[in-house]
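A.B. asks: Have a look at the structure that comes next, please.
Each value in this text was obtained by applying a stated rule to the coordinates, not by laboratory testing. Just so you know, these numbers come straight off a predicted model, no measurement behind them. Glycine gets a Cβ as well: all are built from the backbone with ideal geometry, and neighbour counts include every protein chain shown.
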Amino acid sequence: MLGITLFALLLAWIWHGSWQRQATEQELRAQQQLLVYRAALESEIARFENIPRALRSHPVLLRALASPRNAQALHQANLLLAQLAADTGVEALYMMDGEGTTLAASNWDQPHSFIGQNYRFRPYFTDALEGSFGEFYGVGATTGIPGYFFGLRLGREAGVTGVLATKITLLELERSWQPAQDLVMVVDPDQVIALASRAELKFQTLLPLSPQARARLERTRQYHPMSLTPLALGRQGEQLSWQGHQYRVSELPLPRLRWRLQLWWPSRPLYDTASLVTAVAGVSIIALVLLLLYWRQRRRYVQAQLRAKGELERKVMARTAALAASNRQLERQVQERFQAEARLRSMQHELIQVNRLAALGQMAASVAHEINQPLTALRNQSVNTLLLAQRGHADQVEQSLQTMGRLVDRIARLTSQLKLFAATRRKTRGRARLDEALDNVLSWLGPRVEEQGVRLHRPAPGVVLPMELHALEQVLANLIGNGLDALADTADAAITLDADDRRLHLWDNGPGIAPELLDKVTEPFFSTKQAGQGLGLGLAIVRDLVEASDGRLAIAARPEGGACFTLSWREHEQPRD
């Protein structure tokens with residue numbers, strides 16, 4: 001029972017402390033809001049109060065005041081006041097004589113004009129007439145619209161006096177208060193709510209009016225024809241209840257007209273929050289007590305487990321050491337396996353190269369035969385050239401030398417193909433302009449193209465292929481050379497190239513390649529040409545160069561005749577220039 005009593009007292013103390021802290025914080029926020037509201041109200045009033053001072057010496061107004069029967073002077077005064085009211089944004093500007101009768105007004109041409117109305121009963125008129133600056137707030141006696149009035153005495157000659165008055169409306173300021181959830185209001189010394197954020201609060205009283213106050217308000221007609229009934233308020237200490245809601249009131253004095261600016265903010269959220277904080281605190285305390293009990297029981301259990309855990313850890317450490325030794329042995333085995341695989345790959349590479357060289361050895365006899373023929377012809381031609389030179393046949397000597405040059409070129413082509421095929425493959429990935437490579441190849445093969453009358457259709461300029469320049473030149477030289485050989489006896493012969501950045505097509509209109517030979521033409525030393533016209537290495541070299549650049553070579557027979565060669569490359573980032 002003692003524990004329950006202490007727990008209840010603790011919760012009550014927590015609830016009161018939470019409520020008090022929230023009330024203090026809310027009061028500070030309310031005071032800050034009231035400062036903002038007061039600054040806005042004073043600013044709204046202050047920006048118009050100097051208008052009468054600026055006009056008190058205006059000659060048009062003074063002339064109209066001195067000659068109240070002069071219709072022209074009064075008309076000029078009406079026009080002046082109307083223009084000034086429109087420029088400054090005030091609701092009305094009007095001038096009264098010493099008896100309080102309005103002589104000129106800004107609303108002279110409107111249905112509710114002030115002209116001829118007597119406002120001697122208004123305090124701002126009597127204050128101004130006595131020489132002070134008159135201020136007053138009330139419901140308009142003519143328009144019925146609430147407003148704030150300023151009054152200032154006019155006249156410099158003895159016996160000719162009047163009052164210049166300004167009326168401004170604060171309705172826009174009140175509308176700016178309406179979005180606020182709290183209730184904002186201005187209360188005058190008689191407890192009448194002069195301004196409010198809620199329309200039903202305006203011109204109600206916080207307390208019943210005394211007979212003296214009601215008589216004074218009737219005399220000045222300040223709030224006429226409002227009933228000024230008291231609000232149905234309930235009071236409990238510092239709290240007010242209105243329309244079923246609880247409010248606390250924050251207040252700030254206003255220097256003007258002894259007004260007070262009040263902010264009513266709901267107090268129910270404070271009770272709810274304090275209750276929630278208390279509930280959370282209570283649950284937390286109960287949870288903490290239960291946690292302490294659990295920790296005590298857990299501690300006993302842990303102590304019993306620690307002894308068993310120590311024995312288990314010793315066993316685990318022994319087992320871990322054994323596993324670590326096994327892991328190190330396994331790592332050594334894996335390392336040995338990697339080394340064995342590396343040696344195997346190296347041996348496979350060497351075996352491939354040996355097989356290539358073996359193939360070259362098997363073809364040595366054929367190559368020797370191919371080279372021996374042009375060498376024998378070259379020896380015979382050299383003897384003939386010498387005899388022709390001795391006999392002075394210069395033109396025949398020139399022809400003989402050209403023949404010897406072609407024989408030397410034939411030998412060079414045979415040996416260069418053998419060197420390319422025998423060389424170890426390396427990567428040929430790069431970037432090369434197709435125009436440049438094609439220009440270089442045509443500088444070699446151009447005479448053959450012109451001699452055979454072959455039309456060569458070039459692709460669009462600006463294509464860049466993912467291949468080194470010299471490798472691309474070798475590929476083009478072999479493909480175009482094979483095309484020229486195939487078009488030797490073809491009328492209207494043509495070779496066409498088409499390309500983009502990842503693909504190159506080359507086709508001719510020759511006899512083409514038989515379908516059963518398409519898979520064999522890229523094999524080394526396979527040729528469809530007659531004996532002595534080549535070694536059959538051209539397309540094998542083209543395939544190797546394309547594959548070394550991560551590309552692919554495809555050969556197909558065209559339905560309309562001729563062969564088509566397609567070089568394509570995979571899409572991935574190309575090296576920059």
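A.B. asks: How high is the relative contact order of region 218-321, given as a whole-number percent (alpha carbon pairs under 8 Å, six or more residues apart)?
C.D. replies: Relative contact order of region 218-321: 11 percent.
A.B. asks: Something else about it: Expressed as an acute angle from 0 to 90° and rounded to the nearest 10, what is the orientation of the C-alpha long axis of helix 211-220 relative to the principal long axis of the chain?
C.D. replies: 70
A.B. asks: Still on this model: With Kirkwood's inverse mean 1/r over C-alpha pairs for Rh, give me the Rg to Rh ratio of region 457-511, two decimals please.
C.D. replies: Using Cα coordinates only, the ratio equals 1.00.
A.B. asks: Using all Cα-Cα distances in region 238-290, what percent lands in each 10 angstrom bin from 0 up to the longest?
C.D. replies: Distribution as computed: 20, 29, 23, 16, 8, 3, 0 percent.
A.B. asks: Test of understanding: given the chain, find the longest segment containing no GluC sites (Glu not before Pro) that are in a DSSP loop and have at most 14 other Cβ atoms within 10 Å.
C.D. replies: Longest stretch, sites excluded: 239-559.
A.B. asks: If all Cα-Cα distances of region 303-352 are sorted into 10 Å bins from 0 onward, what percent lands in each bin, rounded to whole numbers?
C.D. replies: Per 10 Å bin, starting at zero, the Cα-Cα P(r) for region 303-352 comes out as 22, 23, 18, 15, 12, 7, 3, 0 percent.
A.B. asks: Residue farthest toward the positive end of the dipole of region 173-236, with Cβ of Lys/Arg at +1 and Asp/Glu at -1: which of PRO179, ALA215, PRO230?
C.D. replies: ALA215
A.B. asks: Tell me, how many Å apart are the Cα centres for region 173-214 and for region 541-572?
C.D. replies: After rounding, the separation between the Cα centres reads 94 Å.
A.B. asks: If contacts are Cα pairs under 8 angstrom and at least 6 residues apart, what is the relative contact order of region 1-151 in percent?
C.D. replies: Relative CO of region 1-151 lands at 12 percent.
A.B. asks: Something else about it: On the first, second and third principal axes, largest extent first, how far apart are the outermost C-alpha atoms of the chain in Å?
C.D. replies: 154, 100, 42
A.B. asks: In Å and on Cα atoms, what radius of gyration and Dmax does region 1-139 show?
C.D. replies: Taking only Cα atoms of region 1-139, I get Rg and Dmax of 27.5, 97 Å.
A.B. asks: Round to the nearest 10 and give me the degree value, 0 to 90, for the angle of helix 364-391's Cα axis relative to the longest principal axis of the chain.
C.D. replies: Result, in degrees: 70.
A.B. asks: Now for a different question. Quick check for me: using +1 on Lys/Arg Cβ and -1 on Asp/Glu Cβ, what's the dipole size of the chain about its Cα centre, in debye to the nearest 20?
C.D. replies: 2960
A.B. asks: For every other residue with a beta carbon closer than 12 angstrom to the beta carbon of LEU442, add +1 if it is Lys or Arg and -1 if Asp or Glu, then tell me the sum.
C.D. replies: -3
A.B. asks: With charges only on Cβ, +1 for K and R and -1 for D and E, what is the dipole size of region 90-217 about its Cα centre, in debye, rounded to 20?
C.D. replies: Taking the Cα centre of region 90-217 as origin, the dipole is about 180 debye.
A.B. asks: If every alpha-carbon in region 182-304 counts as one equal scatterer, what log10 I(q)/I(0) does Debye give at q = 0.22 1/Å?
C.D. replies: Each listed q corresponds, in turn, to -1.26.
A.B. asks: Could you work out the relative contact order of the chain, using alpha carbon pairs under 8 angstrom and six or more residues apart, expressed as a whole percent?
C.D. replies: 8
A.B. asks: Tell me the angle of helix 2-49 to the major Cα principal axis of the chain, expressed in degrees between 0 and 90 and rounded to the nearest ten.
C.D. replies: Relative to the chain, helix 2-49 is tipped by roughly 80 degrees.
A.B. asks: Thinking of region 249-328 as a set of Cα atoms, what percent of all their pairs are more than 19 Å apart?
C.D. replies: Here the tail beyond 19 Å accounts for 73 percent of pairs.
A.B. asks: When the helix-only estimate is applied to the chain (DSSP H runs of n ≥ 4, each -39,500 (n - 2.57), divided by the residue count), what is the mean residue ellipticity at 222 nm, nearest 500 deg cm²/dmol?
C.D. replies: Helix-only estimate at 222 nm: -18500 deg cm²/dmol.
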